Amino acid sequence: MSEADLAVGGSYPPEEWERLLNACTRGDPKRTETCNCVADKAGTELSRYLRLVLTATLEGNTTEFVGITKGLIDSGVPHERVETLEQDADQQFDTLMKACGLEE
């Protein structure tokens, strides 16, 4: 993780897209269309940091969430900025989910 991972858009490798899609669908084929929307919009509306946090959140993987955040702080991003990003994340995730017709 680095400062570059905070820019909206940015690097979005196919394996990260696929992982987000899988975390969103949770094996339910009825969610595929809306989760494709989530995975696609996440690439243009969220930073890589937020995409990874969203994926970890959907997977229920708190250990990874902590690791992502710690990596960002360890890279030199001030702790206060990371806290602000975390506080804003829920609203951004809700907006994204609603835009795709999927309310958590």
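Key figures for this structure:
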read-out: Some residue of the range 55-78 being charged (D, E, K, R) and closer than 22 Å to LEU102 by Cα; value: yes
read-out: Residue count for the range 66-104, restricted to those that are of a type in the set (Val, Ile, Thr) and farther than 16 Å from ARG51 by Cβ; value: 4
read-out: Subset of the range 35-80 that is in contact (Cβ under 8 Å) with a residue 40 or more places away in the chain and over 20 Å from THR95 (Cα atoms) - its residue that is nearest to the chain's Cα centre (by Cα); value: ILE68
read-out: Qualifying positions in the range 1-25 - under 19 Å from ASP94 (Cβ atoms) and touching a residue at least 24 places away in the same chain (Cβ under 8 Å); value: VAL8, LEU20, ALA23, CYS24
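Every number in this text was worked out from the coordinates using simple rules, so none of it is lab data. Please read all numbers here as calculations on a predicted model, not as lab measurements. So basically every Cβ, Gly included, is an ideal-geometry build from the backbone, and we count neighbours across all protein chains shown.
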